[in-house]
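What follows is a set of notes on a single structure, which appears directly below.
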Amino acid sequence: MQGKISVEEHFVTPDHEEYVSSAWLSAETHRKMLGRLGDLSDERIEQMDRSGIELAVLSLVTEGVQAELDPQKAVTQAARANEALAAVIERHPGRFSGFAAVALQDPPAAERELERAVRELGLRGVCVNGYTSTPDGGLYYDDPRFLPFFERVAELGVPFFLHPRYPLPSQRGIYEGRPELLGSTWGFGVETATHVLRMITSGLFDKVPELTMVLGHLGELLPFALYRMQGRLKATAGLNLERPAPEYLRENFYVSTSGNFHTASLLGVLLELGADRVLFAVDYPFEEMAEAAEWFDAVPIAEADREKIGRSNAERLFGL
Ligand code: MN
């Protein structure tokens with residue numbers, strides 16, 4: 001399929017390399033990865049052309065400003081990332097769009113930066129890489145202090161992309177001795193899915209029903225857990241949600257194919273969420289555009305659904 005829009009594609013600037021974890025890579029692989037993350041011209045656009053990707057929606061690579069312990073610096077770093085991204089988009093008209101970075105270390109500043117990024121810099125959403133680090137741990141976004149920020153996200157009419165990061169250091173016990181499971185193999189999905197469920201069961205989507213979220217990796221395992229989750233939530237005392245939990249996932253979320261180019265999983269997600277809620281994505285440079293495109297272009301779904309997932313859902317969601 002030509003003209004695809006790809007919605008989870010990462011970049012880094014020299015200013016933000018300090019937030020890219022190297023723990024699980026050899027020094028050489030890490031250097032190469034930084035090179036690919038930093039390339040926003042030749043190699044990347046060539047690969048997009050070869051893979052039928054017309055436009056990539058870029059986001060600052062995990063863990064981004066969420067890992068910054070100094071709130072003031074986090075605010076500055078978010079603004080610098082957004083300005084760098086806006087400049088890249090301007091240099092390559094029609095090839096790139098982008099998610100803003102925000103520093104939720106300072107929620108009112110994050111609101112102001114998002115408004116600036118959307119209204120003045122032309123960014124189309126906000127991407128946050130998991131919980132926000134604090135000196136004694138981290139904050140998840142079911143915390144009521146973030147409610148005004150989410151109201152502003154909804155008011156601006158842009159999607160909130162919750163991207164994975166490593167679990168809190170205090171929560172890594174089950175992975176002890178098995179570092180290969182901590183990141184994108186498994187830990188990322190569990191961490192992000194749990195975070196999403198915290199947001200849903202806190203009632204956030206009752207308070208801000210217009211809030212739209214994006215998840216990568218075909219929904220971080222959640223579409224496969226809806227039935228059992230709802231059955232058990234119904235039996236939970238004191239939980240007071242306006243709708244059954246799976247409905248929030250079906251009505252407030254989009255999921256992308258990033259890093260999960262697997263036909264059986266996609267078909268399951270389509271049955272649970274429908275073709276209007278799925279977006280094509282690669283997860284470059286951690287995954288290869290050619291592999292994603294080759295799979296997606298041939299995956300056995302209706303052509304009308306391929307068109308939605310490959311392009312028109314993203315056009316609608318991002319107002320492209
Ligand atoms: Mn990613």
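The values are calculated or read from the model by the stated rules, or taken from the named source; none is laboratory data. From a predicted model like this one, the values you see are computed outputs, not experimental measurements. With ideal geometry, Cβ positions are generated from the backbone for all residues, glycine too; neighbour counts draw on all protein chains shown. Keep in mind that these areas ignore ligands, DNA and RNA; they rest on the heavy atoms of the full protein, side chains included. Shrake-Rupley method; radii C 1.70, N 1.55, O 1.52, S 1.80 Å.
Past the 15 angstrom mark, what percentage of all C-alpha to C-alpha distances in the range 105-155 do you count?
For the range 105-155, the fraction of Cα-Cα distances above 15 Å is 48 percent.
At a probe radius of 1.4 Å, what is the per-residue accessible area of Thr62, in Å² to the nearest 10?
Approximately 20 Å² of Thr62 is accessible to the 1.4 Å probe.
Sorted by accessible area with a 1.4 angstrom probe, largest first, how do Trp186, Trp295 fall?
Trp186, Trp295
Can you tell me the Rg and the Dmax, both Å, for the Cα atoms in the range 4-318?
Just the Cα atoms of the range 4-318 yield Rg and Dmax of 18.4, 56 Å.
Any lysines with Cα under 29 Å of the Lys234 Cα? List them, leaving off those in the same chain fewer than 8 positions away.
Those lysines meeting the cut-off are Lys207.
Using Cα pairs closer than 8 Å and at least 6 residues apart in sequence, work out the relative contact order for the chain, in percent.
This gives 19 percent for the chain.
Relative contact order, percent, of the range 141-229 when contacts are C-alpha pairs under 8 Å separated by at least 6 residues?
42 percent
Each residue of the range 162-170 in turn: what ³J(HN,Hα) in whole Hz from Karplus with 6.51, -1.76, 1.60 and θ = phi - 60°, glycine and Pro shown as x?
My calculation for the range 162-170 gives 9, 9, x, 9, 5, x, 3, x, 6 Hz in order.
Less than 17 Å apart at the alpha-carbon level, and either on another chain or at least 8 residues along: which lysines does that give for Lys308?
Here the lysines satisfying the reach criterion relative to Lys308 are Lys4.
Counting pairs of alpha carbon atoms under 8 Å apart in space and at least six apart in sequence, what relative contact order in percent does the range 81-172 give?
Dividing the mean separation by the residue count of the range 81-172 yields 27 percent.
To the nearest 10 square angstrom, what accessible area does Ile301 show with a 1.4 Å probe?
For Ile301, solvent-accessible area is about 20 Å².
Determine the dipole magnitude for the chain: charges of +1 sit on the beta-carbon of Lys and Arg, -1 on that of Asp and Glu, nothing else is charged, the reference point is the Cα centre, and the result goes in debye to the nearest 20.
Value, rounded to 20: 620 debye.
Calculated from DSSP H runs of 4 or more alone, at -39500 (n - 2.57) each and per residue, what is the 222 nm mean residue ellipticity of the chain, nearest 500?
The helix contribution divided over the chain gives -12500 deg cm²/dmol.
Rounded to the nearest 5, what % of the DSSP beta bridges within the chain are antiparallel ones?
10 percent
How many percent of the accessible area of the chain is carbon or sulfur, using a 1.4 Å probe?
51 percent
Tell me, which longest segment in the chain has none of the GluC sites (Glu not before Pro) that fall in DSSP loops with at most 15 further Cβ atoms within 10 Å?
1-119
Each residue of the range 8-23 in order: what ³J(HN,Hα) in whole Hz does its phi give by Karplus 6.51 cos²θ - 1.76 cosθ + 1.60, θ = phi - 60°, with x for Gly and Pro?
Result, rounded to whole Hz: 10, 10, 9, 9, 9, 10, x, 5, 10, 5, 5, 9, 9, 5, 10, 4.
Would you be so kind as to identify which of Leu226, Val65, Gly268 lies farthest towards the positive end of the dipole of the range 4-318, taking Lys and Arg as +1 and Asp and Glu as -1 on Cβ and the Cα centre as origin?
Value computed over the given set: Leu226.
For a quick check: with amide H placed at 1.01 Å from N, whose amide H comes under 5 Å from Ser258's, ignoring anything fewer than 5 positions away on the same chain?
When sequence neighbours closer than 5 places are left aside, the close amide H contacts are His217, Leu218, Ala281.
Would you mind getting the accessible area per residue of the chain, heavy atoms of the protein chains only, 1.4 Å probe, in Å²?
For the chain, the per-residue accessible area is 43 Å².
Return the whole-Å distance between the Cα centroid of the range 152-224 and the Cα centroid of the range 246-320.
That distance is 18 Å.
Kirkwood-based Rg over Rh for the range 27-119 (C-alpha set), two decimals?
1.02
Mind checking the alpha-carbon convex hull of the range 1-59 and giving the volume per residue in Å³?
Cα convex hull per residue, to the nearest whole number: 96 Å³.
Along the charge dipole of the chain, pointing to its positive end and built from +1/-1 on Cβ of Lys, Arg, Asp and Glu, which listed residue (Ala103, Gly238, Pro179) has its Cα farthest out?
Gly238
Provide the three semi-axes, in whole Å and in decreasing order, of the ellipsoid equivalent to the range 210-266 as defined by the square roots of 5 times the Cα gyration tensor eigenvalues.
One finds semi-axes of 24, 14, 7 Å for the range 210-266.
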